[in-house]
1. Please give the FRET efficiency for ARG65 paired with TYR12, using the beta carbon to beta carbon distance and R0 = 35 Å, rounded to the nearest 0.05.
2. With a 1.4 Å probe and all protein chains left in place, how much of the accessible area of the chain comes from carbon and sulfur atoms, in whole percent?
3. Between 0 and 90 degrees, rounded to the nearest ten: what's the tilt of helix 49-61 against the longest Cα principal axis of the chain?
4. So what is the 222 nm mean residue ellipticity for the chain from helices alone, if each DSSP H run of at least 4 adds -39500 (n - 2.57) and you divide by all residues, rounding to the nearest 500 deg cm²/dmol?
5. Accessible area per residue of the chain at 1.4 Å probe, in Å²?
6. So which GluC sites (Glu not before Pro) in region 1-43 end up in coil per DSSP with only 10 or fewer other C-beta atoms within 10 Å?
7. Gain in length, ASP20 to LYS33, computed as 0.36 nm per residue apart minus the alpha-carbon separation, to one decimal in nm?
8. Could you work out the longest stretch of the chain that avoids the chymotrypsin sites (Phe, Trp or Tyr not before Pro) located in DSSP loops with at most 15 other Cβ atoms within 10 Å?
Amino acid sequence: EGVVVVLNNAGYLTERVLLDGDFNDIAAWNFHKLPEVLGGGDGYEARTEGEFDAALDAALQTRGRAAIINAHLPQRDTS
């Protein structure tokens, strides 16, 4: 039980900053579909702040079930 948030920027940002190239890209995965594959839990996909808020609210309301949120970020989004 719990909520996992995948910060999905489709690659390795730290490596992109050091050395740019396609080798830093990761093939697109539907992380939000993992609960289906594993046989339990809930998956959510978020591309906007509003979608993320809704996904987090929904995930927190399903107590006792694992949840994963596939939060898409721009490739070069850094803190």
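1. E between ARG65 and TYR12, to the nearest 0.05, is 0.70.
2. Numbers: 3030 of 5610 Å².
Summing carbon and sulfur atoms, their accessible area is 54 percent of the total for the chain.
3. Approximately 40 degrees, to the nearest 10.
4. Details: 3 runs with 24 residues, N = 79.
Per the formula, -8000 deg cm²/dmol.
5. Details: 5610 Å² over 79 residues.
Here the per-residue accessible area is 71 Å².
6. Values: sites: GLU1, GLU15, GLU36; in loops: GLU1.
Sites meeting the loop and neighbour criteria: GLU1.
7. On the way: separation 13, 0.36 × 13 = 4.68 nm, distance 2.96 nm.
Value of the extension gain: 1.7 nm.
8. Answer - 30-79.
The values are calculated or read from the model by the stated rules, or taken from the named source; none is laboratory data. Predicted model, so just to flag it, every value in this text is computed and none were measured. Note: ideal-geometry Cβ built from the backbone for every residue, glycine included; neighbour counts use all protein chains shown. Only protein heavy atoms, including side chains, enter the accessible area calculation; ligands, DNA and RNA are left aside. Shrake-Rupley method; radii C 1.70, N 1.55, O 1.52, S 1.80 Å.
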